[in-house]
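K.L.:
Mind looking over this structure? Questions follow.
Nothing in this text is a laboratory measurement; each read-out follows from the coordinates by a stated rule. Values in this document were obtained by computation on a predicted structure and should not be read as measured data. In this analysis, Cβ positions are derived from the backbone assuming ideal geometry, glycine residues included, and neighbour counts consider all displayed protein chains.
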Amino acid sequence: MGLPTLDIVHDITPVWLRVVQLWRNTPAAIAGLTSRTPLLLLEQSARDYGLRVVWRGEHRLAESGMITHSLEGPKGMLRTFERGVVHGADYDICIAHALISGPMVFGRDQDARLETVTTANGSTDAAPLYSWIIARRNHAFERGATA
């Protein structure tokens, strides 16, 4: 999709150091799809730079073999995710499109919730994944990096 990415293999430290350096220079928005621990670490660090989680999604494999999605964020982004699901796109593609379709300004008045289910498409990992955007609220969106 043309955006820079950072991989977390086993240790978030290299990514965290790079992101914190980015935030020291410019508190830019970042987005990711990670386990819970990297999200919590980045969320706590973001507060030092006036940033917060403005999109949060939990993606969990259910016993039925389906993936449940609990999403919170701007209404337009949730609609983008839902449209992808309706058209049969894999959920990871729906997440990517929703994250890059975000508004230029994140504000509380836009927040909404969405609960939906998709097919697992071969995924067998029982650990939930979290999609997220960390940015300033009520401030112009500046694209940063994704983790």
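K.L.:
Rounded to the nearest 0.05, what FRET efficiency do ASP11 and HIS97 have when you use their Cβ-Cβ distance and R0 = 25 Å?
P.N.:
That gives a FRET efficiency of 0.30.
K.L.:
Okay, next question. So for each of 28-36, 60-68, 46-54 I average, over its residues, the number of other beta carbons within 10 Å; can you give me the resulting order with the highest mean first?
P.N.:
28-36, 46-54, 60-68
K.L.:
Next up: What spacing in nm lies between the two simple spin-label points modelled at SER35 and THR119, each 7 Å away from Cα in the Cβ direction?
P.N.:
In this crude label model, SER35 to THR119 measures out at 2.9 nm.
K.L.:
For ALA29, enumerate residues with amide H under 5 Å from its amide H, sequence gap 5+ or separate chain, H modeled in the peptide plane.
P.N.:
Residues meeting the criterion, in which the H sits 1.01 Å from N, are GLU142, GLY144.
K.L.:
Apply the Debye scattering formula to region 13-146, with a single equal point scatterer on each alpha-carbon and no solvent, then give log10 I(q)/I(0) at q = 0.13, 0.16, 0.20, 0.22 Å⁻¹.
P.N.:
Values returned for q = 0.13, 0.16, 0.20, 0.22 Å⁻¹ are -0.53, -0.79, -1.15, -1.31.
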